[in-house]
Structures are given as C-alpha cells and as structure tokens.
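Okay, so here's the structure we're looking at.
The values are calculated or read from the model by the stated rules, or taken from the named source; none is laboratory data. This is a predicted model, so every value here is computed, not measured. A quick note on method: Cβ atoms are made from the backbone with ideal geometry, for glycine too, and the neighbour counts reach across all protein chains shown. Remember, those area values only see protein heavy atoms, side chains included, never the ligands or the DNA or RNA. Shrake-Rupley method; radii C 1.70, N 1.55, O 1.52, S 1.80 Å.
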Amino acid sequence: MASVETRETTYLTAIREALQEEMRADETVFMLGEDIGVYGGAFKVTEGFLEEFGPDRVIDTPISEAAIVGAAIGAAHMGLKPVAEMQFIDFIAPAFDMIVNFAAKSRYRTGIGAGLVIRGPCGAGARSGPFHSQSVESYFANVPGLKMVAPARAYDAKGLLRASIRDPDPVLFFEHKFLYRRIKEELPTEGEVLVPLGEARTHRPGNDLTIVTYGAMVFKSADAADRVAAEDGSEVEVIDLRTLRPLDTKTIVESVRRTGRLLIVHEAPRFGGFAGEITAQVCEEAFEWLDAPIRRVTAIDTPVPYAPTLEDYYLPGEEDIVSAARWLLAY
Amino acid sequence: MQVTRERRSLARGSGISPYQDGHLKTLDRRDMRSLYRLLWLTRALEERLEIIFKQGQVVGGLYRSLGQEATAVGCGYALSAGDWIAPSIRDLGALLARGIEPHDILRQYTARGTSLCAGKDNTNHFTVPELGILGPISPLGTQLCVLNGVALSFRTRREPRVCFTFQGDGASRTGTSHEGLAMAAALNLPIVVVLQHNRWSFGTPSTAEAAVENWADVAGAYGVPAVTVDGNDVLQVYDAAAQAIARARAGDGMTIIVSETYRMLGHAQHDAQRYVPDEELIAWRDHDPIRSFETYLVEFGFESETSLAEVRAEVAAALDVATDEVLAEPYPAPGEARSRVYGNAELDAAIPWTRGEVPGYEGLVTARPSATRGTTRQSQGA
Ligand SMILES: Cc1ncc(C[n+]2csc(CCOP(=O)(O)OP(=O)(O)O)c2C)c(N)n1
Ligand SMILES: [Mg+2]
C-alpha cells in the first residue's frame, strides 16, 4: 500500500486550500466580498489571495451584501464561478432577497442557473453576541433551489467547498467559526480532496441510538457518545449530515431503522429548526421501527446571548446530549 | 459632475431639426423607420394584450407602458449586439428592440408552455443570453445588483460590452437599488441606468416617495454623471443613451439618464388611476411620444402619412397572426412544475410528492417490522 503524504491542516487552512486549489485550476473561479483582498479577510481565510490572483479575481466590494450576491448571480449567468464571502454569516440577512428571490429561483424561472457559493463564518461559542454567532440555515431551509453545506471536519470543509464551487446551483456554505483554528487533521498533501454534496457521514458507528447532527455539534455529540459507551456500555451512532440540502434522508432512515431510537442535535434554535424536518421525515419513513419518541437537543428559542454564562446556557452542551441519550436508551 | 441637458422636445419642434449633430448623424432613414415601427409595435402589442386581457386570456396582471414607449425604444435601439439589458416592467419597447418577438410576449402573458419562462414566470421575467437580456424579478431594485455581475464579467474578460437597465422613480428608493448603484460606481462598471421619472409609483406620486426635485441630483451621491432627457422624445433618448453607452464602453463607468416622462395609465389593468389629477393627464396627453415622432418624421421628410399608415397596418397584421398562433398553444403539462429546480436532474427527480400516497425514497418503504414493533417499549411496560 502506497502511503499517502499528509500534513496537519486546520479547518480554516482547509478552506483556504480549497479556494486556492479551485482558483488555480479554473480561472473562472473568483471571489468577492468585504475586506477579502488587501486585508485578507476578517478571519484571514484569503490572506495572500490578492497577490496571487490579482484584483480581477479577488474583489474588495462596498459593504453591500445584496449587491455582492447580486453580482455573483450575474457573473454566474455569464459563466464565471463566483465565491462570495459574507464577513459573518449573520450579515447574509441584507442579501436574503437576492438569495431566495433571485439566485434560488433563477434556473426554475428562466432556465439559466446561478452556480455560486456564498460562504461565511457561522455559529456560536466565541462570545460574539447576537449578531456574530447565528446559525442561519433554517432561514433558508424552506427555499427550493438552494443547497446548504455545514462541514464539521477539515477534510469535509475542503472537499465540500471544492464540490460547492463546481456545483451548478447556489450553495450556502456555513463555516463554523469555533472550528476554524480548533480542528486540526492530517490531510493528504497530494491528490484531490473532494466530497460530493448530499452525502451524510457516519462519524461514529453504533447500534443502540442514532444521533443526527452537523457542524460543531458533531464533536460534542461524539464526546457524549464516548461517555455513554464508557459509562453505560451503549453504542451510540453519530451521523454528521455535512450537507443540509439536499438532505441525506436515506442515511438517517437506515440508521434509525437499525437503532430504533433517534436524537437530533443542533446549535440553531429549536422552533422551525432542521430537527423538526428530520423528525417529520423519520416519522414518515421509519415510524414503525421506532422504539422511543424522537428527541431534540438544540439551542433555546432566544437570540444568541453575549455573556459567557448566558451563551453556555443557550448552547446545547455535552451533558445535555448525554442525558437525552440516556433517556432514550432507557425508554 | 452633473450634466443637465437642455430639454428639446419634438412636440415643440421649431421646424429646424435639432438632431444634426453627435450620435444622431448615424441615424439614417432606415433607422427612423425602425424606431417608428418599434414605437408602434410596443403600443399596438400592449393594446392587443389589453384586448385578450379583457377576454380573460391573460393569466395574472397586465402592465402597460403607454406614454413611455420612447424611453424604452430609444435606449434599446442604442445598444449593440453583445450588450446586455435588464428591463423593468414598462420597458417592453427595449425588449422588442433587442429582438424579442410579439410571440414571446404573448406567450409570457398567457402562461404558455412554449413561453421563454416555460410557464413558470410571467410578464418580462425572462433571461435570454443570446439576446443579452437579463430578466428582472418582482422585488424592485434587484436587477441592477445582478446586472453588475454581468458587467463585472465583461470587465474581467476585457470585453468592450455594456449593460443597461431601467429603474422606476419608486423602485429607485429600495435598498437594492442604492446598493447596486453604489457598487456599480465603486467598481467603475460599464453600466447605464435609466431612471424613469414617470411621476407615479403605483398609487403614490413620486413627490411623496422622495424629497428629490431634480432627479439627476441623485447621481452626485454615487459620484457619477447624470443627464436629463425628455423621455417622450425618442431621438433625444437615443442620443443620450448612445453617448452614455459610448462612455461606459470606453471604460469611463456608469452614467445615470433621467427620463422625464409620465405613466399615462394606472399601475396595471386593475387600477383605474382615479387618484390622478385630470389636468396632469391632459397636459401629458399633448406630449405623446408617438404622435410627436410622427409629426417630426413627416415634417422632415422621412415618412409620409401614407407610409406611416402602412407600417401600422403591417404591425396589426403581424399581431393578428401572432395572437392566433399563441392562443392555440397549450399550457405546460402539470408535472413540469417539478422540473429544473436544480442543476442535477436526479435532485429534481427526488423532489418528494407531498400529497396522497405514503412517501418513500427509492422505494424503501417496504415491509413494516410489525413483529418487532414497539418491543422495547412493551418489555419495559411503558
Ligand atoms: C420590493 C418591492 N416592493 C413592492 C413591490 C410592489 N410594486 C410593484 S410595482 C410598484 C410601483 C413601482 O413604481 P416605480 O418604480 O416608480 O415604477 P413604475 O410603476 O412607475 O414604472 C410597487 C410598489 C415590488 N414589486 N417590489
Ligand atoms: Mg414610477
């Protein structure tokens, strides 16, 4: 077996490499956003890009999220592959109109698609308050035509971003800012890391309970599963969705039919969150395989608060996941 | 920065043609005929749409550009092959100038499966890359943001192509309009924006929507030049459009053209415009863009009353044929509602049916585990 050369890569570096590699391989790929050029991006994802790719392909824009997404749509119509950065994913709100009304519907209405990526840092845990911490996936969940990706591992961040750039449809790519520099993995230095959209991944196998989750909650769920295994001897399966739309219902349902128990964990608030949709789909597809009610562990239904005590209260913790898992296993 | 042009109106023609200089030198007798035909076609096609609207053949609303045809036609005619245009709702004439056929418009308004939007969207919401047309969507102000991206692609590829769009005075108040203008100016994009000061925005006068007296002033906020034209004077519009296009093509960036014009009908067919003062309508009726152009063409020997009548008859005959043909065409098949949501056919195929039968993916809903059903729960006596 030929050994593959690897290098320790952070989640953030994996994203940077995906962008660089796609831009090097395909000159139609370009980026636009606020402070991404001269400054190198608020999180330094695009550091050095302006020097390497020049101002035609690394475009500093005014603070105009609607105009950024609009320009990405128009460029996509013309055969370019735009990657638009939202400085924080919270600021996608001013671009909502452009995304849900223009980008998502353009292929359906006119036959001309809008293959573009809108990427940005999401998620709480960094003590950043209500406007730099949100998980916005549910805002867009009810909009056919959009795809949504939320990687947890560096490998997936890289592989899915590359696939998103190549995808023919608008993709919202949610990078969890808490993972940017905390996740480090050995990634191959050569050969393509490419992960297709729409495929969930079994992060940790098990036969007693299924946890479906994504983003930073994958790691909290896995830690909780390890504890349940060590302390109770039960094997919890953790499924990392990776792509939220299209949702990999098949993988979820197959796991639930095996374990008979389902816990859904996400960082976004509960009401109208992805957990509700997954619950409905499992009820439709696997009701008679269930041995317990489906449970959800999510953020509480409030804005993301700022103070450490408040934010920790707001976010689901390992303990919450362990106790919900135990409840389900004992049901 | 602001350039305000002297308003010279065809209707007040002094007997001396004011159009012997600048870009108008390039307009010959054939162009004059084409402009007239486009103006008349716009009006006649809309009248035809109104007739079939009253017959119940139009699906949804009908919006007309009566009184504003000259701005759309003059602008559309000034563009070259390879340029792109994004219309608003009262710019039918520009689309016809770009090569859109009456059939296309009739199909759109009657929701035919053969329409450019395949029956999935209405009015002028079609995007046709071959003709350089970017379809707007209903949320006002958005198309400029998207057109910026088209212009950006021209700039990136060093192509001397230009984008052109229209904004209503009402639409110009949206956030997306402002963002679009700000970005086009900041990135020095090859764009021309026509601001249609037609005095009304649905049921609200523009004086109540904006504290702007001279609409060319808005350009100052973006650091770009503006020119004001009599929007009911097709030659003046053409001239201003041609100059702004040349400026954009030369790499000198965006120009705003303010068209002083008037919405002669209500917002749409359902709106009887009872809120409009009679004096206003009467005054503008005397400034009809088509009638004044006819006067001009005859006065300066380009056409005769007879030749103009021939054009009108030819247009009417063409519209008779187009209307009959289109009305004979079917609506799209119902199942087409589920097509081309995604760029991957397999994802379209996987769009679940949401009513009636039990859902299932890839036929996985099969035998139910009735034997084992609820075993854990029962054994726990729960
Ligand atoms: C964002 C948005 N808000 C409201 C509407 C509803 N609407 C459609 S047309 C219109 C008036 C537009 O006025 P103006 O831009 O001046 O164009 P005109 O009708 O005069 O050509 C309104 C309010 C809309 N289409 N989009
Ligand atoms: Mg108006």
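Data overview
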{"quantity": "Net dipole in debye of the protein assembly as shown [+1 Lys, Arg Cβ; -1 Asp, Glu Cβ; about Cα centre; nearest 20]", "calculated": "460"}
{"quantity": "Delta accessible area of at least 40 Å² on complex formation, residues of the stretch A:96-113, 1.4 Å probe, chain isolated as reference", "calculated": "A:Asp97, A:Met98, A:Phe102, A:Arg107, A:Tyr108, A:Arg109, A:Thr110, A:Ile112"}
{"quantity": "Spatial separation of Cα centroids for the stretch B:264-336 and the stretch B:106-175, in angstrom", "calculated": "22"}
{"quantity": "Averaged over B:342-351, number of beta-carbon atoms from partner chains that fall within 10 Å", "calculated": "5"}
{"quantity": "Sites A:Leu310 and B:Ala246, calculated FRET efficiency, Cβ-Cβ separation with R0 51 Å, nearest 0.05", "calculated": "0.30"}
{"quantity": "Relative packing of B:54-66, A:92-104, which averages over residues the other C-beta atoms within 10 Å, highest first", "calculated": "A:92-104, B:54-66"}
{"quantity": "Amide H contacts of A:Arg57 (H built 1.01 Å from N, under 5 Å, at least 5 apart or other chain)", "calculated": "none"}
{"quantity": "Degrees between helix A:65-77 axis and first principal axis of chain A (Cα, 0 to 90, nearest 10)", "calculated": "80"}
{"quantity": "Angle between chain A longest axis and helix A:217-232 axis [Cα atoms, degrees, rounded to 10]", "calculated": "20"}
{"quantity": "B:Arg29 paired with B:Ala337, simple spin-label distance in nm, labels 7 Å along Cα-to-beta-carbon", "calculated": "5.7"}
{"quantity": "Other protein chain Cβ atoms within 10 Å, averaged over every residue that makes up A:56-67", "calculated": "6"}
{"quantity": "Efficiency of FRET between A:Phe287 and B:Thr295 - r from beta-carbon atoms, R0 56 angstrom, step 0.05", "calculated": "0.15"}
{"quantity": "Average other protein chain Cβ within 10 Å of Cβ, residues A:74-84", "calculated": "6"}
{"quantity": "Within the accessible area of the protein assembly as shown (1.4 Å probe), percent carbon and sulfur", "calculated": "53"}
{"quantity": "Antiparallel bridges, percent of DSSP beta bridges restricted to chain B (to nearest 5)", "calculated": "10"}
{"quantity": "Under 5 Å, built H, 5+ apart or other chain: amide partners of A:Ile239", "calculated": "A:His203, A:Ile211, A:Val212, A:Thr213"}
{"quantity": "The stretch A:136-146 - phi-based ³J(HN,Hα) in whole Hz, Karplus 6.51/-1.76/1.60, Gly and Pro as x", "calculated": "9, 4, 6, 4, 10, 5, 8, 10, x, x, 9"}
{"quantity": "Spin-label pair B:His270/B:Asn214, simplified geometry with 7 Å Cα→Cβ offset, distance in nm", "calculated": "4.0"}
{"quantity": "Euclidean distance between Cα centres, the stretch A:11-88 to the stretch A:197-276, Å", "calculated": "33"}
{"quantity": "Candidates A:Val149, A:Val58, A:Val171: whichever shows maximal mean-square fluctuation once chain A is modelled as a Gaussian network with Cα springs under 10 Å", "calculated": "A:Val58"}
{"quantity": "Chain A: relative contact order in percent, alpha carbon pairs under 8 Å with at least 6 residues between", "calculated": "17"}
{"quantity": "Furthest towards positive pole of dipole, A:Phe30, A:Gly79, B:Phe166, structure part the protein assembly as shown, Cβ charges", "calculated": "A:Gly79"}
{"quantity": "Accessible surface buried once A binds B (1.4 Å probe; total of both sides; Å²)", "calculated": "4600"}
{"quantity": "Sites matching chymotrypsin sites (Phe, Trp or Tyr not before Pro) across the stretch B:260-347 that sit in DSSP coil, with at most 14 neighbouring C-beta atoms within 10 Å", "calculated": "B:Tyr275, B:Phe300"}
{"quantity": "Distance (nanometres) between label positions extended 7 Å along Cα→Cβ at B:Glu279 and B:Ala313", "calculated": "4.3"}
{"quantity": "Rg/Rh for the protein assembly as shown, where both radii come from Cα atoms and Rh is the Kirkwood radius", "calculated": "1.05"}
{"quantity": "Degrees, to the nearest 10: B:175-186 long Cα axis against longest axis of chain B", "calculated": "60"}
{"quantity": "Probe 1.4 Å, accessible area per residue of the stretch A:201-330, Å²", "calculated": "39"}
{"quantity": "Förster radius 51 Å - calculated FRET efficiency between A:Glu254 and B:Val59, Cβ distance, rounded to 0.05", "calculated": "0.70"}
{"quantity": "Relative contact order (percent, whole number), chain B, Cα cutoff 8 Å, 6+ residue spacing", "calculated": "22"}
{"quantity": "Positive-pole candidate from A:Ser64, B:Leu45, A:Thr10, dipole of the protein assembly as shown, charges at beta carbon", "calculated": "B:Leu45"}
{"quantity": "Candidates B:Ile51, B:Ile256, B:Ile191: whichever shows maximal mean-square fluctuation once chain B is modelled as a Gaussian network with Cα springs under 10 Å", "calculated": "B:Ile51"}
{"quantity": "For the stretch A:201-330, with +1 on Lys and Arg beta carbons and -1 on Asp and Glu, the positive-most of A:Thr279, A:Pro305, A:Leu263 along the dipole", "calculated": "A:Thr279"}
{"quantity": "Charge dipole magnitude, Cβ of K and R +1, D and E -1 - chain A, Cα centre, debye nearest 20", "calculated": "500"}
{"quantity": "Selected from A:Ala75, A:Ala268, A:Ala150 as most flexible by GNM, with chain A as the system and alpha-carbon contacts under 10 Å", "calculated": "A:Ala75"}
{"quantity": "Given charges at beta-carbon only (K, R positive; D, E negative), |dipole| of the stretch A:8-188 in Debye", "calculated": "500"}
